[in-house]
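Asker: Can you keep this structure in mind? I'll have questions shortly.
The values are calculated or read from the model by the stated rules, or taken from the named source; none is laboratory data. Everything numeric here is computed off the predicted structure, so don't read it as measured data. Note: ideal-geometry Cβ built from the backbone for every residue, glycine included; neighbour counts use all protein chains shown.
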Amino acid sequence: MKNKVVLITGAAGGIGSRTALMLAEAGYDIVLHYFRSEEAALQLKDRILAEYSVRCMTVQADVADENEVDRMISRIEQELGGVDILINNAAVDMPNLFGLKTAEEFRRVLDVNVVGAYSCAKRVYRHMLDQEYGRIVNVSSTNGINTYYPMSFDYDASKAALISLTHNLAVQFAPYVTVNAVAPGFIGTEKELEGYDEEFLRQETDKILLQRYGKPEEVASVIRFLISDEASYINNTVIRIDGGQPQSC
C-alpha cells in the first residue's frame, strides 16, 4: 500500500518544517513547497530522505499565482500521483503603521494567505473527490479570531478569511474530504521571535494562561492528528493552539 502524499505549502518555515518532519516520521510522502527559501527546503528534503523511508520532493511556486499553483500540482501528479493531503501553511506578514501601509501590501497578504489557499484547494479538488478521500488543514491564527495587532491588520483579516474559507471548503468537499483549520497563538519560531525584546516577550506571555509561548511541534502534532484516521469524524472546525489566551476564546 502506497504512502499518502502530503503537500505542505510554506514548508521551509518553523511550523512547516516541523510538520514535514513529523509527518515523514509517521510514514507520509512529503512535498515541500517554498517560494524563496530554496536552500532551507533542500536541506529539509535531504534530512527527510536520510532519516525516513518515504519519498520527498521540493517544489517552488508563488501560491498567489494560479498558474504557478497549477504547474506545481501538475508536477506532483506526474511524479507522485497526486495530492492526498493539503496543508495550507504558506503565509506572509508585512507589519507596518496604518498610515504607511499600502493597498499593494494589503493585496499581497490576501493573495498569498487566502487566495493561495483557495487555489491550492481548488487544484487538488478533483483528485480527492475521484478517490473519495482527502484531508485539508488550513493554518490560520488567533489573529483571525479576536487577537489583534494594529501593525498587521491585513494579516489579521487574511487569517479571519482563511477560517471562513475553511467552512466553505468543508461544504464543497463533503462528504469524502475533511477540511479543518488550526489557529496557533504565539508560537516561538525563529521568525516569530526575531526582533522582539525581552519586555515585549514578557508582555505577550503574560497574556497566555500557560505563561509561555508555544512550540512549532505543538502545532505540528495537532495537524498530524487532524489528517489521521483517528480524526476522520472531525470536520469543518477550528482548533486554537494558544496556551489559553482568554481574548481569543
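Asker: Take the residues in the stretch 95-136 that are small (G, A, S) and over 13 Å from the mean Cα position of the chain (by Cα); name whichever of them is nearest to E68 (Cα to Cα).
Answerer: Ranking the candidates gives S119 first.
Asker: Those residues that are within 30 Å of P150 (Cα to Cα), hydrophobic (A, V, I, L, M, F, W, C) and either in contact with a Gly (Cβ under 6 Å, 6 or more places away or on another chain) or at pLDDT 95 or above (or both), I need them from the stretch 47-97; list them, please.
Answerer: A61, V63, A64, I87, A90, A91, V92
Asker: Moving on to the next point. Considering the stretch 51-76 alone, what residues qualify as being in contact with a helix residue (DSSP H, G or I) (Cβ under 7 Å, 6 or more places away or on another chain), assigned to a helix (DSSP H, G or I) and of a type in the set (D, E)?
Answerer: E66, D70
Asker: Checking the structure you have, find out if any residue of the stretch 60-74 is over 23 Å from S158 (Cβ atoms) and surrounded by fewer than 20 Cβ atoms within 10 Å (Cβ to Cβ). Walk me through how you get there before you give the answer.
Answerer: The first filter runs over the stretch 60-74 and keeps only residues over 23 Å from S158 (Cβ atoms), leaving 71, 74.
The next check asks that each one be surrounded by fewer than 20 Cβ atoms within 10 Å (Cβ to Cβ); those that pass are 71, 74.
Yes, the stretch 60-74 contains a residue that is over 23 Å from S158 (Cβ atoms) and surrounded by fewer than 20 Cβ atoms within 10 Å (Cβ to Cβ).
Asker: Quickly run through the stretch 23-36 and pick out the residues that are crowded, with 19+ Cβ neighbours inside 10 Å and either within 22 Å of I227 (Cα to Cα) or free of Cβ contacts under 8 Å to residues at least 40 places away in the same chain (or both).
Answerer: L23, A24, Y28, D29, I30, V31, L32, H33, Y34
Asker: Looking for whichever is buried (at least 17 other Cβ atoms within 10 Å of the Cβ), within 16 Å of V222 (Cβ to Cβ) and either touching a residue at least 40 places away in the same chain (Cβ under 8 Å) or of a type in the set (A, V, I, L, M) (or both) here; the options are T166, T147. Which one fits?
Answerer: Every option except T166 fails the conditions.
Asker: So L86 passes all but one of these: (1) surrounded by 15 or more Cβ atoms within 10 Å (Cβ to Cβ); (2) out of contact with any Cys (no Cβ under 7 Å at 6 or more places or on another chain). Which condition number does it fail?
Answerer: Every condition holds for L86 apart from (2).
Asker: Here is a follow-up. Quick check on the stretch 214-244: of everything there that is in contact with a helix residue (DSSP H, G or I) (Cβ under 7 Å, 6 or more places away or on another chain) and charged (D, E, K, R), which residue is surrounded by the most Cβ atoms within 10 Å (Cβ to Cβ)?
Answerer: Taking the candidates together, the pick is D242.
Asker: Right, something else. Any residue in the stretch 60-84 that is acidic (D, E) sitting within a Cβ distance under 6 Å of a residue that is part of a helix (DSSP H, G or I) and crowded, with 22+ Cβ neighbours inside 10 Å? List the pairs, counting only those 6 or more apart or interchain.
Answerer: E66/S119
Asker: Given the options A20, A12, name the one that is part of a helix (DSSP H, G or I), small (G, A, S), touching a Leu at 6+ places or on another chain (Cβ under 7 Å) and buried (at least 19 other Cβ atoms within 10 Å of the Cβ).
Answerer: Just one listed residue meets the conditions, A20.
Asker: Considering only the stretch 99-130, state which residues are over 30 Å from D229 (Cα atoms) and either assigned to a helix (DSSP H, G or I) or of a type in the set (D, E) (or both).
Answerer: Scanning the stretch 99-130 gives A103, E104, E105, F106, R107, R108, V109, L110, D111.
Asker: Look through Q247, Q211, Q172 and report the one residue that is surrounded by fewer than 16 Cβ atoms within 10 Å (Cβ to Cβ), farther than 29 Å from A103 by Cα, polar (S, T, N, Q) and modelled with pLDDT under 95.
Answerer: Q211
Asker: In addition: Where in the stretch 131-242 are the helices (runs of 4 or more DSSP H), entirely inside, with at least 1 residues that are more than 18 Å from A91 (Cβ to Cβ), among the acidic types (D, E) and in contact with a Lys or Arg (Cβ under 9 Å, 6 or more places away or on another chain)?
Answerer: It comes to 216-226.
Asker: In the stretch 165-179, what count of residues is obtained for those that are within 15 Å of the chain's Cα centre (by Cα) and either more than 17 Å from L226 (Cβ to Cβ) or among the β-branched types (V, I, T) (or both)?
Answerer: The number of residues fulfilling the criteria is 2.
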